[in-house]
Amino acid sequence: MEFLQLTYNGLVLGSILALGAIGVTMIFGVLRFAHFAHGDLMTVGAYVALTFVHWLAWPIWLAALPAIAVTSILAVVLDQLFYRRLRRVAPVILLISSFATALMLRALVQIIWGPDNQVYATGISIPYRIAGLVITPDSLKVLGATALMVVVVHLFLAHTKMGKSMRAMSDNVDLARISGVPVKRVIFWTWVFAGALTAVAGILLGVDTRLIPTMGWNILLPIFAAAILGGVGRPYGAVLGGLIIGLAMNYSVLFMPSAYKLAVAFIIMIAVLILRPQGLLKGISL
């Protein structure tokens, strides 16, 4: 029963990691850019939703809508202010700029919402017990929202013109440009879509745990590990990688203290980079 409980909790954590990893892998697939501010964008999305929940007493699903809008707009603004000017310089400069952006976003969250821990709802929710397995209502929300977002990602990439353009740019940027793919528009919508996924991932992380200014930064390593494990540039691989990393982190408590969960994600990421750098699903392709 303990193993089943860890499996369920691992799937919940893996679902959050999967959404974050999809955003990371979409940005890298289109822009060849490892976005280190991704975790702090998650934090911003979570706190924007908190504002609507506390000030206007909106339910969390409704508060997610303005949070998605604000985070998507912020992602586009960051690209236009910082990243757009640096795309043709050495990749390490772009990476460092994203790290600096992460620090700025984290400081902004602390200034606006404060450094203390916060939650969307107070009180105790009564969990469901199925043959000894404890299932909380919040965890069901996480799984349901993740399933919905994965379906949306699939429909967008497989059945829309913009989604197909993103896949074309991921395969070959120069060929896509020559073929008439609107590169600037694709980049714009990549940031919009990645920002939306990031906001949802941050909100679900806040629902499952609590809100602190460093919540996105703390989960950034497992998100990158999930993206690398699944194959950088592959959204479906990011989902698979997120679930595997989430399960591995939870199973690790069977033989080591829970404080070392992040170390498990780090070890898996290093092992994949050494043994199979192309990831489980190979290649850089959406």
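Key figures for this structure:
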quantity	calculated
Subset of segment 95-121 [over 17 Å from residue 53 (Cα atoms) and among the β-branched types (Val, Ile, Thr)]	96, 101, 111
Among the residues listed as 94, 86, 78, the single one being buried (at least 16 other Cβ atoms within 10 Å of the Cβ), without any contact (Cβ under 8 Å) to a residue 12 or more places away in the chain and not acidic (Asp, Glu)	86
Within segment 127-235, helices (runs of 4 or more DSSP H) holding 1 or more residues that are under 18 Å from residue 44 (Cβ atoms), more than 13 Å from the chain's Cα centre (by Cα) and β-branched (Val, Ile, Thr)	183-208
Scope segment 243-255; condition surrounded by 12 or more Cβ atoms within 10 Å (Cβ to Cβ) and either without any contact (Cβ under 8 Å) to a residue 40 or more places away in the chain or aromatic (Phe, Trp, Tyr) (or both); matching residues	251, 252
Boolean, residue 173 is surrounded by 15 or more Cβ atoms within 10 Å (Cβ to Cβ) and in contact with a helix residue (DSSP H, G or I) (Cβ under 7 Å, 6 or more places away or on another chain)	no
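To keep it simple, each residue is scored yes or no on (1) touching a residue at least 40 places away in the same chain (Cβ under 8 Å); (2) hydrophobic (A, V, I, L, M, F, W, C); (3) in contact with a helix residue (DSSP H, G or I) (Cβ under 7 Å, 6 or more places away or on another chain).
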{"position": "128", "(1), (2), (3)": "no, no, no"}
{"position": "134", "(1), (2), (3)": "yes, yes, yes"}
{"position": "141", "(1), (2), (3)": "yes, no, yes"}
{"position": "156", "(1), (2), (3)": "no, yes, yes"}
{"position": "159", "(1), (2), (3)": "no, no, no"}
{"position": "166", "(1), (2), (3)": "yes, yes, yes"}
{"position": "169", "(1), (2), (3)": "yes, yes, yes"}
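Laboratory data are not the source of any read-out in this text; all were calculated from the coordinates shown. Bear in mind the structure is a predicted one, so any value in this text is a computation, not a measurement. Cβ: placed from backbone, ideal geometry, glycine included. Neighbour counts: every protein chain shown.
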